[in-house]
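Worksheet: one structure, shown below.
The values are calculated or read from the model by the stated rules, or taken from the named source; none is laboratory data. This structure is a prediction, so every number in the text was calculated from the model and none was measured. As a convention, Cβ positions derive from the backbone with ideal geometry for all residues, glycine included, and neighbour counts pool all protein chains shown.
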């Protein structure tokens, strides 16, 4: 596939504008988060003196450190490791249930959906920019990285599709200017029938056929609105309305935020996108002056070696991009001038990596032994009931390539029986719970890819089978949950 050359000065400028727009939009919208009625902002109100702390940015600072530390593209197990290190204090909604599941011993993507009502919310769509900046001009790869990220707390939900959409749009925006083309590229990367795709098409339809902003906002609210202001689909619709209907940077941000709902997120996502699309020249100084270029972490974010300001964040982002750029599906280098791809070119529209992500089994957990990912396919929820038998399977991958298992062994703790599935390849087992289904470990040992690999996975007992009422756990305030053992 033909390589891409990005003008170095332009790329650095766009990355700076991305993080600057993120900070501006999040600070503008933060005071109005949760209001599901229309606002009338034309500027910050109140006018701040510094940027407001926001998880929209902080999670991405953790992922930046993760990729820097690993020195390679991330694996699912890496996300779980760094969430445990730096993000476990976050108690809200999808974050809270991810935390709970990690503390129970469940890995991704299982930790992202088990008992988690909030898979359709905005916690993951707000952290798409890091993947766009590390994979510019590679929208399907940026979307596949967003798929992994969103597995932590939105597996299989609209939050997953939202992050994949925005990561693809923002990645393509490094080389494409026209908004409708960017939206079409983003829609190529998500299921066509999901609510996120449908609300974005509705916003585009309203703009194309001359529906005024107020009526368009009302249509999104009435058709796709929700009892929770953080529900993903209406917020994506409002972000697109601000993008398409606004006349310039400030007007675009205000139109997105004035629509209401999760206003810090809609403002931050649109601000970052406009920065990538147009660079720093598009951001008026009057929007920068009140908050400056500093970075202020949320109190729940762990000490992740965060950069002090936007310029330091840009420097680290660009340095990490250069470290990994040669391994992108469409290699990207920095030089003098920009060459390729054309907006209609094949590389921007390819989505086989995304199709591979969408075909993956979410009833799994991933563990890492060296460079080999060991995957346990639970065959359902991670809960066994007394006397229940279930087929489980173990598979292995290295850098996305499936490895042939030469041997596989699975053992369980007391009270469980494990036997290989007769007539099936290595890696398939039947696990049967005893009369009292308590929690246990499933310990795996496999020979694959010329090495022996080991991992341990969690099985939950019946005490975890009842779940939680929908929408009732808006904040996880319980004490730290001990392991099931």
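Observations on the structure shown:
- Evaluation of residue 452 against the conditions (1) within 33 Å of the chain's Cα centre (by Cα); (2) at pLDDT 95 or above; (3) over 30 Å from residue 73 (Cβ atoms) shows that the sole unmet condition is (3).
- Residue match in region 258-271 (condition: surrounded by fewer than 18 Cβ atoms within 10 Å (Cβ to Cβ) and at pLDDT 95 or above): no
- The one condition in (1) outside the structural domain of residue 162 (by TED's automatic domain parsing); (2) crowded, with 18+ Cβ neighbours inside 10 Å; (3) over 15 Å from residue 75 (Cα atoms) that residue 374 fails to fulfil: (3)
- The single residue among 84, 72 that is outside any helix (DSSP H, G or I), out of contact with any strand residue (DSSP E or B) (no Cβ under 8 Å at 6 or more places or on another chain), at pLDDT 95 or above and assigned by TED's automatic domain parsing to the domain that holds residue 27 turns out to be 72.
- Some residue of region 162-179 being assigned to a helix (DSSP H, G or I), over 12 Å from the mean Cα position of the chain (by Cα) and surrounded by fewer than 22 Cβ atoms within 10 Å (Cβ to Cβ): yes
- Of the residues making up region 328-351, at least one is under 30 Å from residue 380 (Cα atoms) and either under 20 Å from the mean Cα position of the chain (by Cα) or part of a helix (DSSP H, G or I) (or both).
- Selected residue [assigned to a helix (DSSP H, G or I) and at pLDDT 95 or above] from 123, 112, 107: 112
- Options 324, 368, 348; residue that is outside the structural domain of residue 109 (by TED's automatic domain parsing), touching a helix residue (DSSP H, G or I) at 6+ places or on another chain (Cβ under 9 Å) and on the phi < 0 side of the Ramachandran plot: 368
- Among the residues here, residue 438 does not qualify as farther than 15 Å from residue 390 by Cα, without any contact (Cβ under 8 Å) to a residue 24 or more places away in the chain and over 30 Å from the mean Cα position of the chain (by Cα).
- Restricting attention to region 384-404, the residues being touching a helix residue (DSSP H, G or I) at 6+ places or on another chain (Cβ under 9 Å) and either farther than 19 Å from residue 151 by Cα or modelled with pLDDT of 95 or more (or both) number 3.
- Inside region 392-412, residues that are without any contact (Cβ under 8 Å) to a residue 40 or more places away in the chain, in contact with a strand residue (DSSP E or B) (Cβ under 7 Å, 6 or more places away or on another chain) and loosely packed, with under 15 Cβ neighbours inside 10 Å make up a count of 2.
- From the options 33, 9, residue that is surrounded by fewer than 24 Cβ atoms within 10 Å (Cβ to Cβ) and free of Cβ contacts under 8 Å to residues at least 40 places away in the same chain: 9
- First in region 291-305 and farther than 17 Å from residue 56 by Cβ, second anywhere and in a loop (DSSP other than H, G, I, E, B), Cβ under 9 Å, 6 or more apart: 292/49; 292/50; 292/51; 303/297
- Looking only at region 242-254, residues that are surrounded by 24 or more Cβ atoms within 10 Å (Cβ to Cβ) and either within 18 Å of the chain's Cα centre (by Cα) or closer than 12 Å to residue 217 by Cβ (or both) come to 1 in all.
- Counting only strands (runs of 3 or more DSSP E) that sit wholly inside region 389-433, those with at least 3 residues that are more than 27 Å from the chain's Cα centre (by Cα) are 389-398, 405-412, 416-420, 428-433.
- Taken as a whole, the structure leaves residue 292 outside the set of residues that are modelled with pLDDT of 95 or more and either part of a helix (DSSP H, G or I) or surrounded by 24 or more Cβ atoms within 10 Å (Cβ to Cβ) (or both).
- Taking the criterion of being surrounded by fewer than 19 Cβ atoms within 10 Å (Cβ to Cβ) and in contact with a strand residue (DSSP E or B) (Cβ under 6 Å, 6 or more places away or on another chain), the residues of region 335-370 that qualify are 335, 337, 338, 339, 340, 361, 362, 369.
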